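Enquirer: Encoded as structure tokens, here's the structure I'll be asking about.
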Ligand code: TXE
């Protein structure tokens, strides 16, 4: 048997084993077989990483760099990712099973995020305030927070890391990243590029391992000033609880149960493709997956026919093949989760109109068919709970008022799709639907310039855009008394 690749952790610019020398296995979802081993971090490793990140923040060449210099490093990192995108994409596909086509596209676009925050780095400035007090000069500045803890999931490892890493560094923080235990390799492969770009040791650190103990130790550490978390709601509850110990700032990007709404005046062909893109792109393992399709009654049958016809032609198989359209799910437990939800859907009376099982022709790997249910009741569990896989529930509606109420009847509030050629309707529904991102006549579009994030069970805070810089800085207000007069009365507020 050939020996598996072995990954150490990256702390203070060095490759290190975990404190107890332990490793865990990472699997290739396309085969279900092990492909590498990763250092299994401990609380001691978290302690070590946070301490060096703290040192790097307190007194190092990093802190004495100008914002422009930091911006140049980020720009160089973007260039290096662009040069190495194929290799990085290969690791992501090996680890999470997503299509190589998609991961290459994502990796080719990720440099734009580094360029964007490289440009923003020297535009993080305060203000002078037109203060309503005599002889006072008051200005503000935005300061970095300190050590940031970034915790990422498995579905788009480097993209979701980038949303945290780029603004955190642009703002002058240092960082400890804990990737998902399912997908550690691509982040570790990024570390030599961090070094090559010129980031000093200790500025970026990676501790690999599991939520317990690594995630728990990191999010409850007293030196962590900000936690940026992307993942599931249950883990998020632990993170919120842990963050309270030392009042670390927090941003949470969690899941969704996003509505994709098709009106009778929409371009039916585009809308049907948009629904497929929303739920079967990335095998549905996306926080913004459009897992609830609401179709106007007058076009219901036509759209369902189109969706089912295209879905039945989806090429499922090896994610490394450029012609494959749907790869496997990332883990075996994801596969079991799909089976569980299919049974739940059937049990609650939903009509299974396509898929619902493992594809017969794929004997190895964690594949699941694209699955389509229909029901008139939007309150059944498959229409309420985040499944995080290729399972769509289609629900008919009669009018705008009804569909707004159905779309908003969820604990989540991340994304929404609206398909209409009526401009006034597009504006009205965009406003009425509760979501942090609304796509009109498109779906799953992203850019460094536009933030993402949601509300309620989808979390809080924003990633991307200028807003993100505010998540990694704090405002300082400086009051300067310009008067030379002695202070008269010490017992009144000035
Ligand atoms: O997420 P987890 P999983 C959702 C989706 C999916 C579910 C579970 O619904 O089915 O989450 O996926 C770390 N303290 N999303 O199990 O467990 C964990 O090690 C600190 C939506 O992968 O939340 C990993 O690094 N950290 C999401 C990260 O949290 C902890 C994408 C996410 O893992 C921790 C992925 C703890 N106590 C899943 N416990 C999206 N919004 O895109 C775990 N972690």
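The values are calculated or read from the model by the stated rules, or taken from the named source; none is laboratory data. Just so it is clear, the model here is predicted, and its values are computed rather than measured. Cβ placement follows ideal geometry from the backbone for every residue including glycine, while neighbour counts extend to all protein chains displayed.
Enquirer: Inside the range 193-205, can you point out the residues that are within 14 Å of residue 9 (Cβ to Cβ) and either out of contact with any helix residue (DSSP H, G or I) (no Cβ under 6 Å at 6 or more places or on another chain) or more than 16 Å from the ligand (Cβ to nearest atom) (or both)? Give the derivation first.
Expert: Here is the first cut: in the range 193-205, the ones within 14 Å of residue 9 (Cβ to Cβ) are 194, 201-202, 204-205.
Passing the criteria: 194, 201, 202, 204.
Enquirer: In the range 376-410, how many residues are more than 16 Å from the ligand (Cβ to nearest atom) and in a loop (DSSP other than H, G, I, E, B)?
Expert: Residues flagged as more than 16 Å from the ligand (Cβ to nearest atom) and in a loop (DSSP other than H, G, I, E, B) within the range 376-410 amount to 8.
Enquirer: Identify all residues within the range 463-494 that are touching a strand residue (DSSP E or B) at 6+ places or on another chain (Cβ under 7 Å) and crowded, with 18+ Cβ neighbours inside 10 Å; write none if there are none.
Expert: Result: 463, 464, 471, 472, 473.
Enquirer: Could you tell me which of the residues 187, 193, 165 is surrounded by fewer than 24 Cβ atoms within 10 Å (Cβ to Cβ) and touching a residue at least 12 places away in the same chain (Cβ under 8 Å)?
Expert: 193
Enquirer: With respect to the numbered conditions (1) farther than 27 Å from residue 469 by Cα; (2) within 11 Å of the ligand (Cβ to nearest atom); (3) assigned to a helix (DSSP H, G or I); (4) touching a strand residue (DSSP E or B) at 6+ places or on another chain (Cβ under 9 Å), which one is the sole condition not fulfilled by residue 257?
Expert: Looking at each condition in turn, residue 257 falls short on (3).
Let's see how each residue does on (1) loosely packed, with under 14 Cβ neighbours inside 10 Å; (2) closer than 22 Å to residue 277 by Cβ:
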residue	(1), (2)
303	no, yes
312	yes, yes
315	yes, yes
324	no, yes
331	no, no
342	no, yes
347	yes, no
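Enquirer: Continuing with this model, one more query. Return the pair list, or none, for Cβ contacts closer than 6 Å from residues in the range 388-411 that are under 13 Å from residue 259 (Cβ atoms) to residues that are in a strand (DSSP E or B) and within 16 Å of the ligand (Cβ to nearest atom), at least 6 apart or on different chains.
Expert: If the second residue must be in a strand (DSSP E or B) and within 16 Å of the ligand (Cβ to nearest atom), the pairs left are 393/292.
Enquirer: Here is a list: 236, 185. Which entry is modelled with pLDDT of 95 or more and more than 13 Å from the ligand (Cβ to nearest atom)?
Expert: Of 236, 185, the one residue that is modelled with pLDDT of 95 or more and more than 13 Å from the ligand (Cβ to nearest atom) is 185.
Enquirer: Going by the conditions given, is residue 290 surrounded by 24 or more Cβ atoms within 10 Å (Cβ to Cβ) and either within 16 Å of the ligand (Cβ to nearest atom) or part of a strand (DSSP E or B) (or both)?
Expert: Answer is yes for this residue.
Enquirer: Moving on to the next point. Scan (1) in a helix (DSSP H, G or I); (2) over 25 Å from the mean Cα position of the chain (by Cα); (3) surrounded by 16 or more Cβ atoms within 10 Å (Cβ to Cβ) for the single condition residue 278 breaks and write down its number.
Expert: Checking residue 278 against (1) in a helix (DSSP H, G or I); (2) over 25 Å from the mean Cα position of the chain (by Cα); (3) surrounded by 16 or more Cβ atoms within 10 Å (Cβ to Cβ), the one that fails is (2).
Enquirer: If you scan the range 411-450, which residues turn out to be more than 25 Å from the chain's Cα centre (by Cα), surrounded by fewer than 21 Cβ atoms within 10 Å (Cβ to Cβ) and in a helix (DSSP H, G or I)?
Expert: If the condition is that a residue be more than 25 Å from the chain's Cα centre (by Cα), surrounded by fewer than 21 Cβ atoms within 10 Å (Cβ to Cβ) and in a helix (DSSP H, G or I), then 423, 424, 425, 426, 427, 428 are the ones that fit.
Enquirer: How many of the residues in the range 331-366 are out of contact with any strand residue (DSSP E or B) (no Cβ under 9 Å at 6 or more places or on another chain) and either within 16 Å of the ligand (Cβ to nearest atom) or farther than 21 Å from residue 311 by Cα (or both)?
Expert: 11
Enquirer: Checking the structure you have, find out if any residue of the range 210-222 is within 15 Å of the ligand (Cβ to nearest atom) and under 17 Å from the mean Cα position of the chain (by Cα).
Expert: yes
Enquirer: Being closer than 30 Å to residue 317 by Cα and surrounded by fewer than 22 Cβ atoms within 10 Å (Cβ to Cβ) is the filter here, so list the residues in the range 27-64 that pass it.
Expert: Correct list: 27, 28, 31, 32, 33, 34, 35, 36, 37.
Enquirer: May I ask you to list the residues in the range 220-246 that are assigned to a loop (DSSP other than H, G, I, E, B) and over 19 Å from residue 171 (Cβ atoms)?
Expert: Keep residues of the range 220-246 that are assigned to a loop (DSSP other than H, G, I, E, B), which gives 220-223, 231-232.
Of everything in the range 220-246, those that are assigned to a loop (DSSP other than H, G, I, E, B) and over 19 Å from residue 171 (Cβ atoms) turn out to be 220, 221, 222, 231, 232.
Enquirer: Here is a further query. Is there a residue being within 23 Å of residue 474 (Cβ to Cβ), in contact with a helix residue (DSSP H, G or I) (Cβ under 7 Å, 6 or more places away or on another chain) and away from the ligand (no atom under 16 Å from the Cβ) anywhere in the range 126-148?
Expert: Yes; the residues of the range 126-148 include at least one that is within 23 Å of residue 474 (Cβ to Cβ), in contact with a helix residue (DSSP H, G or I) (Cβ under 7 Å, 6 or more places away or on another chain) and away from the ligand (no atom under 16 Å from the Cβ).
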